[in-house]
Amino acid sequence: MSLLDKTFQENLELILTKGYKKEDRTGTGTISFPGIMIRHDMSDGYPLLTLRTVPFKSPSIELEGFIKGITSKKWYKDRGCNYWNQWCNPKVIPYSNDVDTKKKMEECDDLGKIYGYQWRNFNGVDQLKNIVDTLKKDSNNRRMVCSAWAPHQLNEMALPPCHFSWQVNVTDGKLNLFYYMRSVDFVLGNDLNTYGLLLHLLAKESNLKEGILVGFFADAHIYLNHVDGVKELLQRPTDK
C-alpha cells in the first residue's frame, strides 16, 4: 500500500472519529470535518488509490470535457461518463426531487456553465490557455490560477463547483498543482485522480517535470450510509 493510501486512511479515520454530524442537501446526513489536506509527490507514481476500486475512464473523459469546455450531457454520456446524467441547467429545468422533474432533468442535455465553460470562458477569458501560455513563457509566475466559481452564474450551472479553483507553480523545473474543494464526499469524490491527470498533461504540454499535487478540502465529509464501508476500508492493511 502506498503512502497516499495511508494518508487517505488516516484522513478517513480523522473524519469518522473527530468529525461532527451535519444535515445536508441530500437528506442523508454526514459526518464532517473542517479542513483536510492531501499532499502527493508525483515522482512516487500516479495518485491512484489502491484501498478500493477507483475508475479511470470516467474521470479522464470528464477532464477531457472540462478542457474542451463541453457543456452537453450527451457528449459525456456517449463516451461512457455518467456523472452528470441526473443534472441539468437549473434555468432550463429548476431542480426538484419529484419523479417528473427528475425525468425531465435527465432528458435535458444542457448542463449550463459548469467547470469547463468557466475554465475556457470566464467572462470571456480563456483561463486554461492563459495558464499554458504562461507556463511556457514565464514559469516563475505566481498568478497561474483558474477559477470555476462565478457567483453571477451559479444559477446557470447543473451544480455549483465543488472543486472551485486550482493553481500551478513551478519549482526546480517541476510543475506543482494545488486544487481547492469547498465540499467533498471524501470517500468517493476527492478528485486526486482528475487533478493528477491534469498535472501530468500540463507538465507534458509545457515540457516540465511532474512535481507535487496538493488537495485542500474545506468540508470533508462521510455520508452516514457509507460509515460501514469506511470502517471496512480502515481495517485494510497498510504494510503491503
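The values are calculated or read from the model by the stated rules, or taken from the named source; none is laboratory data. Computed from a predicted model, the values in this text were never measured in an experiment. All Cβ positions, glycine included, derive from the backbone under ideal geometry; neighbour counts span all protein chains shown. Accessible surface is based on the protein model in full, side chains and every heavy atom, while ligands, DNA and RNA are left aside. Shrake-Rupley method; radii C 1.70, N 1.55, O 1.52, S 1.80 Å.
Pop out the Kirkwood hydrodynamic radius of the range 36-78 from its pairwise C-alpha distances, inverse of mean 1/r, in Å to one decimal.
The answer is 12.7 Å.
Over all distinct Cα pairs, what is the inverse of the mean 1/r for the chain, reported as the Kirkwood hydrodynamic radius in Å?
Answer for the chain: a Kirkwood hydrodynamic radius of 19.0 Å.
Taking N as the number of residues in the range 201-240, what is its alpha-carbon radius of gyration divided by 2.2 N^0.38 Å?
Relative to the 2.2 N^0.38 Å estimate, the range 201-240 comes out at 1.92.
What is the diffusion coefficient of the range 90-232 in µm²/s, taking the Kirkwood radius over Cα pairs and the Stokes-Einstein relation at 4 °C with a viscosity of 1.567 mPa s?
This corresponds to a translational diffusion coefficient of 76 µm²/s.
Kindly write out, for the range 188-198 in residue order, the coupling ³J(HN,Hα) from the Karplus curve 6.51 cos²θ - 1.76 cosθ + 1.60 (θ = phi - 60°), rounded to whole Hz, with x marking Gly and Pro.
10, x, 7, 6, 4, 4, 4, 7, x, 5, 4
Among DSSP beta bridges lying fully in the chain, give the percent that are antiparallel, nearest 5.
Roughly 75 percent of the beta bridges in the chain run antiparallel, per DSSP.
Once you wrap a convex hull around the alpha carbon atoms of the range 74-114, what is its projected area averaged over all directions, in nm²?
That works out to 2.8 nm², a quarter of the Cα hull's surface.
Expressed as a rounded percentage, what relative contact order does the range 67-217 have, with Cα pairs under 8 Å and six or more residues apart?
19
Report the local net charge at D110: Lys and Arg +1, Asp and Glu -1, summed over other residues whose C-beta lies under 15 Å from its C-beta.
My count for the surroundings of D110 gives +2.
If you add up the charges near L198, with Lys and Arg at +1 and Asp and Glu at -1, over every other residue whose beta carbon is less than 12 angstrom from its beta carbon, what do you get?
Cβ neighbours under 12 Å give a net charge of -4.
Simple spin-label model, 7 Å along Cα-to-Cβ: L14 to F56 in nm?
For the pair L14/F56, the computed spacing is 2.8 nm.
With every protein chain present, what is the per residue accessible area of the range 34-88 (1.4 Å probe, Å²)?
I get 52 Å² per residue for the range 34-88.
Leaving out ligands, DNA and RNA, what percent of the accessible area of the range 58-181 is carbon and sulfur, probe 1.4 Å?
The computed percentage sits at 49.
To the nearest 0.05, how large is the calculated FRET efficiency for L201 and D228 if R₀ is 30 Å and r is the Cβ-Cβ distance?
That gives a FRET efficiency of 0.25.
Using Cα pairs closer than 8 Å and at least 6 residues apart in sequence, work out the relative contact order for the range 15-152, in percent.
17
What full-extension length gain, to one decimal in nm, is calculated for K103 and K136 as 0.36 nm per residue of separation minus the Cα-Cα distance? Mind showing how you got there, number by number?
Details: separation 33, 0.36 × 33 = 11.88 nm, distance 4.61 nm.
Gain on stretching K103 to K136: 7.3 nm.
Taking Rh as the Kirkwood radius, which is the inverse of the mean 1/r over Cα pairs, what is the Rg/Rh value for the range 1-117?
The Rg/Rh ratio comes out at 1.04.
Determine the distance separating the Cα centre of the range 196-234 from the Cα centre of the range 48-62; give it in Å without decimals.
Computed from Cα coordinates, the inter-centre distance equals 10 Å.
Express the accessible area of the range 126-240 per residue in Å², computed with a 1.4 Å probe while the remaining protein chains stay in the model.
Result: 48 Å² of accessible area for each residue.
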